[in-house]
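The values are calculated or read from the model by the stated rules, or taken from the named source; none is laboratory data. Please read these numbers as outputs of a predicted model, since none were measured by experiment. Ideal geometry is used to build each Cβ from the backbone, glycine not excepted, and the neighbour counts take in all protein chains shown.
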Amino acid sequence: MSITKYYASLMQDRKSFNNDPIKRMIIPQLSELNLQGSYDTSGEMENTKMPGFQHKYSQTALILTTNKCASYCRYCFRKRLLGIPTEETLKRFGDALKYIKEHKEINNILISGGDPLILSTRILENFLEKLTPIEHIRFIRFGTKIPVVFPTRIIEDRTLLDMFRHYSRKDKRIYIVTQFNHSKEITKESTMCIDKLLKAGTIVNNQTVLLRGVNDNPETISELQNNLVSIGVGPYYVFQCRPVKRVKLLYQVPLLRGYHIIEDAKKELNGHSKRFKFIMSHRTGKIEIIGIKDNYFIFKYHQAKNPKNLGKIFMKPVNKTAGWLDDL
């Protein structure tokens, strides 16, 4: 359990989990003792090429730089390694660099963890210094929740912002992929943080997780996406919560209900604020939930481990309680 003072300050209901989305996302609950599900719902282990380095989708390489975060989200899909001793973070950057140089189909790098922005700016610059010159790498992403849970780390670190400004070039941008799940997380501080990232030349996108008791209604989702666009953050994905052990029972919304929440939310969104895709990050790929027809879910492979599945559309009978593809 870890919570920054800033993020704790956003909690308003000290007694109830049900009326406080911040508290529900960050404070442990007894329901986490339930072990239904899996610790590796997206097949990360089978796509690991070396400790801390994954290559699942042809064009994307994933580097797990650390197993630590500024705050630990209770719904984390990497509960198996976050905040505990692990062999799943990167040990030999040189070996990963060699792999990337040899695999020219890789055109982007996702630097994640844990949260890479809790690392020192010097370490982060080492990544950028080595990765940026590789010709076939077109852009680099940082997956981070620091703008949401610890914005002063970015606001007050001029060296970090100067580093982003230096390496986010007009022909090879740095992307910041963050995670706002509720409008209560959009504060004066987080808005200032986003503004500084934008002025440093980075592009900021957001991944929201659909969470039971946090944002599982159309009004909350639409308010969030509209507010994100207002502060310059591009909606990227809304993720179906993964069936992770200690998470599934507490946070996962059934797919049928989730689909209707997203579709109803889109009625209140403009073209920019509804650019996101409603996605299941399955072990076989990123599967978009695109519709329901004649009591069948309609799915599409937005990304696929097997390139032959890219763009493939398929259908499964609707099951009112199913929360994941494997339940259908």
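Restricting the first residue to the range 276-301 and requiring it to be free of Cβ contacts under 8 Å to residues at least 60 places away in the same chain and on the phi < 0 side of the Ramachandran plot, which pairs with a second residue that is among the polar types (S, T, N, Q) and assigned to a loop (DSSP other than H, G, I, E, B) meet a Cβ separation below 8 Å and a spacing of at least six or different chains?
TYR301/THR284
From the residues in the range 89-147 that are in contact (Cβ under 8 Å) with a residue 40 or more places away in the chain and of a type in the set (Phe, Trp, Tyr), which one is surrounded by the most Cβ atoms within 10 Å (Cβ to Cβ)?
Residue satisfying both the conditions and the ranking: PHE127.
Output the residues belonging to the range 17-42 that are in a helix (DSSP H, G or I) and either out of contact with any Lys or Arg (no Cβ under 9 Å at 6 or more places or on another chain) or of a type outside the set (S, T, N, Q) (or both).
PRO21, ILE22, LYS23, ARG24, MET25, ILE26, LEU30, GLU32, LEU33, listed by residue number.
Can you run down the residue pairs with Cβ atoms below 9 Å, 6 or more apart or on separate chains, where the first is in the range 64-77 and touching a residue at least 40 places away in the same chain (Cβ under 8 Å) and the partner is part of a loop (DSSP other than H, G, I, E, B) and of a type in the set (Phe, Trp, Tyr)?
These pairs meet every condition: ALA70/PHE150; SER71/PHE150; PHE77/TYR39.
Kindly check whether there is at least one residue in the range 97-116 that is aliphatic (A, V, I, L, M) and in contact with a Cys (Cβ under 7 Å, 6 or more places away or on another chain).
No, the range 97-116 contains no residue that is aliphatic (A, V, I, L, M) and in contact with a Cys (Cβ under 7 Å, 6 or more places away or on another chain).
What pairs come out if I take residues in the range 157-168 that are in a helix (DSSP H, G or I) and pair them with residues that are surrounded by fewer than 15 Cβ atoms within 10 Å (Cβ to Cβ) and at pLDDT 95 or above whose C-beta lies under 9 Å away, six or more apart or interchain?
Partner pairs satisfying both residue conditions: THR159/ARG122; LEU161/LYS199; ARG165/LYS199; TYR167/GLU129.
In the range 194-237, what residues are more than 18 Å from the chain's Cα centre (by Cα), under 17 Å from VAL149 (Cα atoms) and in contact (Cβ under 8 Å) with a residue 40 or more places away in the chain?
Selection gives LYS196, ILE231.
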